[in-house]
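Read the structure below first, then the notes.
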Amino acid sequence: MELKILGSSSKGNGYVLEAEKEALIIEAGCKLLEAKKAVGFDISKVVGCIVTHQHNDHAGYAQEYTKAGVVVLALNSVIESKKITRNYKAIEIGKGYVFGNFKILPFEVMHDVPCVGYLIEHPECGKVLFVTDTYAIQYRFTGVTHWLIEANYADDILTENILEGRIPQAMRKRLLTSHMELNNTKEVLISSDLSKTRNIVLIHLSDGNSDERRFIAECKAATGKCVTAANTGMVINFDVIPV
Ligand SMILES: [Zn+2]
Ligand SMILES: [Zn+2]
(Lines give C-alpha, C1' and ligand atoms only; values in the text may rest on other atoms or scores of the structure.)
(Ligands and ions follow the chains in the order given, each with its own letter.)
Protein backbone atom coordinates (compact mmCIF):
# COMPACT_ATOMS: atom_id res chain seq x y z
CA MET A 1 0.00 0.00 0.00
CA GLU A 2 1.18 3.47 -0.80
CA LEU A 3 -0.07 6.79 0.46
CA LYS A 4 0.09 9.47 -2.20
CA ILE A 5 -0.40 13.06 -1.17
CA LEU A 6 -2.18 15.33 -3.64
CA GLY A 7 -2.44 18.25 -1.22
CA SER A 8 -2.59 18.83 2.53
CA SER A 9 -3.43 22.41 3.45
CA SER A 10 -6.18 25.00 3.34
CA LYS A 11 -5.41 25.27 -0.41
CA GLY A 12 -6.73 21.75 -0.99
CA ASN A 13 -6.67 18.33 0.60
CA GLY A 14 -6.41 15.05 -1.26
CA TYR A 15 -4.81 11.71 -0.38
CA VAL A 16 -4.78 8.39 -2.22
CA LEU A 17 -4.38 5.01 -0.54
CA GLU A 18 -3.20 2.87 -3.42
CA ALA A 19 -3.20 -0.88 -2.95
CA GLU A 20 -2.02 -3.31 -5.58
CA LYS A 21 -5.41 -3.66 -7.27
CA GLU A 22 -7.55 -0.86 -5.87
CA ALA A 23 -7.33 2.68 -4.55
CA LEU A 24 -9.28 4.82 -2.13
CA ILE A 25 -9.27 8.61 -2.35
CA ILE A 26 -9.53 10.59 0.88
CA GLU A 27 -10.96 14.11 0.47
CA ALA A 28 -12.06 15.83 -2.73
CA GLY A 29 -10.25 19.12 -2.27
CA CYS A 30 -7.89 18.56 -5.21
CA LYS A 31 -8.85 18.31 -8.88
CA LEU A 32 -9.85 14.91 -10.21
CA LEU A 33 -6.93 15.17 -12.65
CA GLU A 34 -4.50 15.04 -9.71
CA ALA A 35 -6.15 11.89 -8.36
CA LYS A 36 -6.11 10.37 -11.84
CA LYS A 37 -2.39 11.06 -12.19
CA ALA A 38 -1.78 9.36 -8.83
CA VAL A 39 -3.37 6.11 -10.04
CA GLY A 40 -1.69 6.16 -13.46
CA PHE A 41 -4.93 7.32 -15.11
CA ASP A 42 -6.56 3.97 -14.25
CA ILE A 43 -9.72 5.45 -12.69
CA SER A 44 -11.32 1.98 -12.66
CA LYS A 45 -8.92 1.20 -9.81
CA VAL A 46 -10.65 3.79 -7.60
CA VAL A 47 -13.24 2.16 -5.35
CA GLY A 48 -14.46 5.43 -3.85
CA CYS A 49 -13.70 8.78 -2.29
CA ILE A 50 -14.37 9.57 1.37
CA VAL A 51 -14.89 13.19 2.38
CA THR A 52 -14.74 14.65 5.92
CA HIS A 53 -16.78 17.86 5.58
CA GLN A 54 -18.18 20.53 3.30
CA HIS A 55 -15.36 23.11 3.29
CA ASN A 56 -13.96 23.58 -0.19
CA ASP A 57 -10.42 22.57 0.72
CA HIS A 58 -11.91 19.10 1.42
CA ALA A 59 -15.00 18.87 -0.80
CA GLY A 60 -14.60 21.53 -3.50
CA TYR A 61 -14.31 18.96 -6.28
CA ALA A 62 -16.68 16.34 -4.85
CA GLN A 63 -19.25 16.89 -7.60
CA GLU A 64 -16.56 16.52 -10.27
CA TYR A 65 -15.60 13.16 -8.74
CA THR A 66 -19.16 11.85 -8.68
CA LYS A 67 -19.74 12.99 -12.27
CA ALA A 68 -16.73 10.91 -13.31
CA GLY A 69 -18.32 7.87 -11.67
CA VAL A 70 -16.40 7.91 -8.38
CA VAL A 71 -18.70 7.08 -5.46
CA VAL A 72 -18.37 9.67 -2.70
CA LEU A 73 -19.01 8.83 0.95
CA ALA A 74 -19.89 12.00 2.86
CA LEU A 75 -22.19 13.62 5.38
CA ASN A 76 -25.57 14.92 4.17
CA SER A 77 -24.28 18.47 4.68
CA VAL A 78 -21.65 17.77 1.99
CA ILE A 79 -24.07 16.09 -0.42
CA GLU A 80 -26.50 19.02 -0.13
CA SER A 81 -24.05 21.92 -0.19
CA LYS A 82 -22.10 20.48 -3.14
CA LYS A 83 -25.32 19.66 -5.02
CA ILE A 84 -24.37 16.02 -5.49
CA THR A 85 -27.20 14.08 -7.10
CA ARG A 86 -25.66 10.71 -7.97
CA ASN A 87 -22.86 8.29 -7.07
CA TYR A 88 -22.89 9.07 -3.37
CA LYS A 89 -23.44 7.39 -0.03
CA ALA A 90 -24.69 9.55 2.83
CA ILE A 91 -22.99 8.77 6.13
CA GLU A 92 -25.00 7.37 9.01
CA ILE A 93 -22.88 7.74 12.13
CA GLY A 94 -22.30 4.40 13.82
CA LYS A 95 -22.40 2.52 10.51
CA GLY A 96 -19.42 0.98 8.75
CA TYR A 97 -18.89 1.05 4.97
CA VAL A 98 -17.12 -1.25 2.54
CA PHE A 99 -15.36 -0.04 -0.62
CA GLY A 100 -13.56 -2.95 -2.31
CA ASN A 101 -11.40 -4.42 0.44
CA PHE A 102 -11.39 -1.16 2.40
CA LYS A 103 -13.51 -1.17 5.57
CA ILE A 104 -14.40 2.33 6.63
CA LEU A 105 -15.75 3.62 9.90
CA PRO A 106 -16.68 7.33 10.08
CA PHE A 107 -16.78 8.98 13.51
CA GLU A 108 -17.72 12.48 14.58
CA VAL A 109 -15.09 15.13 15.25
CA MET A 110 -15.35 18.76 16.37
CA HIS A 111 -15.10 21.45 13.71
CA ASP A 112 -17.13 24.59 12.99
CA VAL A 113 -19.35 22.60 10.59
CA PRO A 114 -20.34 18.90 10.80
CA CYS A 115 -17.21 16.84 10.23
CA VAL A 116 -16.05 13.23 10.51
CA GLY A 117 -12.79 11.36 10.91
CA TYR A 118 -12.24 7.90 9.43
CA LEU A 119 -10.83 4.61 10.62
CA ILE A 120 -9.85 2.72 7.47
CA GLU A 121 -8.83 -0.94 7.39
CA HIS A 122 -7.31 -2.88 4.51
CA PRO A 123 -5.32 -6.13 4.52
CA GLU A 124 -2.32 -4.37 2.91
CA CYS A 125 -2.03 -1.44 5.34
CA GLY A 126 -3.77 -2.51 8.55
CA LYS A 127 -5.57 0.30 10.38
CA VAL A 128 -5.23 3.85 9.09
CA LEU A 129 -6.62 6.68 11.16
CA PHE A 130 -7.53 9.84 9.24
CA VAL A 131 -8.47 12.87 11.27
CA THR A 132 -8.43 16.54 10.33
CA ASP A 133 -10.27 19.82 10.90
CA THR A 134 -11.16 19.23 14.53
CA TYR A 135 -10.10 20.95 17.74
CA ALA A 136 -10.14 17.72 19.74
CA ILE A 137 -10.42 13.98 19.26
CA GLN A 138 -12.79 12.42 21.74
CA TYR A 139 -12.03 8.79 20.87
CA ARG A 140 -8.94 6.66 21.26
CA PHE A 141 -8.09 3.84 18.87
CA THR A 142 -5.97 0.75 19.35
CA GLY A 143 -3.71 -0.97 16.86
CA VAL A 144 -3.43 1.92 14.41
CA THR A 145 -0.61 1.16 11.94
CA HIS A 146 -0.59 4.49 10.10
CA TRP A 147 -1.81 7.88 11.32
CA LEU A 148 -2.87 10.82 9.22
CA ILE A 149 -3.49 13.39 11.91
CA GLU A 150 -3.91 17.15 11.79
CA ALA A 151 -1.30 19.35 13.45
CA ASN A 152 -2.56 22.74 12.30
CA TYR A 153 -0.92 25.35 14.49
CA ALA A 154 1.19 25.97 17.56
CA ASP A 155 -0.29 28.33 20.10
CA ASP A 156 2.97 30.24 20.67
CA ILE A 157 3.45 30.87 16.93
CA LEU A 158 -0.18 32.02 16.66
CA THR A 159 0.24 34.36 19.64
CA GLU A 160 3.37 35.92 18.12
CA ASN A 161 1.60 36.38 14.77
CA ILE A 162 -1.30 38.14 16.50
CA LEU A 163 0.98 40.37 18.60
CA GLU A 164 2.90 41.41 15.50
CA GLY A 165 -0.30 42.14 13.59
CA ARG A 166 0.23 39.47 10.95
CA ILE A 167 -2.99 37.72 11.89
CA PRO A 168 -6.23 39.24 13.23
CA GLN A 169 -7.18 38.46 16.84
CA ALA A 170 -10.46 36.91 15.65
CA MET A 171 -8.46 34.12 14.04
CA ARG A 172 -7.57 32.75 17.48
CA LYS A 173 -11.19 32.19 18.41
CA ARG A 174 -11.85 30.37 15.17
CA LEU A 175 -8.79 28.14 15.41
CA LEU A 176 -9.49 27.25 19.05
CA THR A 177 -12.83 25.79 18.03
CA SER A 178 -11.95 24.28 14.69
CA HIS A 179 -8.38 23.00 14.29
CA MET A 180 -5.80 20.87 16.09
CA GLU A 181 -3.10 22.61 18.08
CA LEU A 182 0.28 20.87 18.20
CA ASN A 183 0.10 19.94 21.91
CA ASN A 184 -3.33 18.48 21.32
CA THR A 185 -2.01 16.30 18.50
CA LYS A 186 0.86 15.13 20.71
CA GLU A 187 -1.51 14.40 23.58
CA VAL A 188 -3.75 12.25 21.37
CA LEU A 189 -0.73 10.32 20.11
CA ILE A 190 0.87 9.65 23.48
CA SER A 191 -2.44 8.65 25.06
CA SER A 192 -3.07 6.11 22.27
CA ASP A 193 -1.84 2.57 21.74
CA LEU A 194 1.11 3.01 19.37
CA SER A 195 2.39 -0.56 19.62
CA LYS A 196 1.56 -1.29 15.96
CA THR A 197 2.27 2.19 14.61
CA ARG A 198 4.67 2.49 11.67
CA ASN A 199 3.96 5.98 10.37
CA ILE A 200 2.65 9.20 11.79
CA VAL A 201 1.90 11.69 9.04
CA LEU A 202 1.05 15.19 10.21
CA ILE A 203 -1.48 16.83 7.92
CA HIS A 204 -3.13 20.20 7.25
CA LEU A 205 -0.31 22.34 8.71
CA SER A 206 -1.20 26.02 8.64
CA ASP A 207 0.94 28.17 6.33
CA GLY A 208 1.61 30.89 8.87
CA ASN A 209 1.01 29.33 12.28
CA SER A 210 3.08 26.16 12.05
CA ASP A 211 6.71 25.12 11.78
CA GLU A 212 7.09 21.85 9.93
CA ARG A 213 10.54 20.88 11.26
CA ARG A 214 9.61 21.65 14.83
CA PHE A 215 6.26 19.81 14.58
CA ILE A 216 8.00 16.70 13.24
CA ALA A 217 10.75 16.86 15.88
CA GLU A 218 8.32 17.33 18.77
CA CYS A 219 6.01 14.49 17.67
CA LYS A 220 9.02 12.23 17.09
CA ALA A 221 10.36 13.00 20.55
CA ALA A 222 6.96 12.40 22.14
CA THR A 223 6.28 9.08 20.40
CA GLY A 224 9.60 7.60 19.27
CA LYS A 225 7.92 6.83 15.94
CA CYS A 226 8.60 7.70 12.30
CA VAL A 227 6.96 11.12 11.79
CA THR A 228 6.55 13.06 8.54
CA ALA A 229 4.61 16.13 7.49
CA ALA A 230 2.43 15.77 4.42
CA ASN A 231 3.46 17.72 1.34
CA THR A 232 2.09 17.62 -2.20
CA GLY A 233 3.66 14.89 -4.31
CA MET A 234 4.91 12.77 -1.42
CA VAL A 235 4.58 8.99 -1.61
CA ILE A 236 4.85 7.02 1.65
CA ASN A 237 4.96 3.25 2.06
CA PHE A 238 1.90 2.22 4.04
CA ASP A 239 2.37 -1.54 4.24
CA VAL A 240 1.60 -3.38 7.45
CA ILE A 241 5.04 -4.97 7.71
CA PRO A 242 8.19 -3.03 6.84
CA VAL A 243 9.59 -3.96 3.43
ZN1 LIG B 1 -9.46 22.32 6.10
ZN1 LIG C 1 -12.71 22.82 7.54
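The values are calculated or read from the model by the stated rules, or taken from the named source; none is laboratory data. These numbers come from a predicted model, not from an experiment. Glycine gets a Cβ as well: all are built from the backbone with ideal geometry, and neighbour counts include every protein chain shown. Only protein heavy atoms, including side chains, enter the accessible area calculation; ligands, DNA and RNA are left aside. Shrake-Rupley method; radii C 1.70, N 1.55, O 1.52, S 1.80 Å.
Tabulated results
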| read-out | value |
| --- | --- |
| Spacing of the two label points (7 Å from each Cα toward its C-beta) at LEU33 and SER77, in nm | 3.1 |
| Positive-pole candidate from THR223, VAL131, TYR153, dipole of the chain, charges at beta carbon | VAL131 |
| Share of carbon and sulfur in the accessible heavy-atom surface of region 62-218 [1.4 Å probe, %] | 51 |
| For region 182-243 versus region 44-107, the gap between their alpha-carbon centres in whole angstrom | 25 |
| Selection from LEU202, LEU17, SER192 lying farthest towards where the dipole of the chain points positive, charges on Cβ | LEU17 |
| Hz values of 3J(HN,Hα) by residue in region 36-48 - Karplus curve (6.51, -1.76, 1.60), Gly and Pro given as x | 4, 4, 5, 9, x, 6, 9, 5, 5, 6, 7, 8, x |
| Beta bridge orientation in the chain: antiparallel %, DSSP, nearest 5 | 55 |
| Length added when fully stretched, LYS11-MET110, from 0.36 nm per residue minus Cα-Cα | 33.6 nm |
| Size of charge dipole - the chain - debye, nearest 20, with Cβ of Lys, Arg +1 and Asp, Glu -1, no other charges | 480 |
| Per DSSP, loop trypsin sites (Lys or Arg not before Pro) in region 183-243 with at most 13 further Cβ within 10 Å | LYS196 |
| Accessible area per residue in Å² at 1.4 Å probe, computed on region 66-167 | 43 |
| Net lengthening on full extension, TYR139/ALA68 (0.36 nm per residue, minus Cα-Cα) | 22.1 nm |
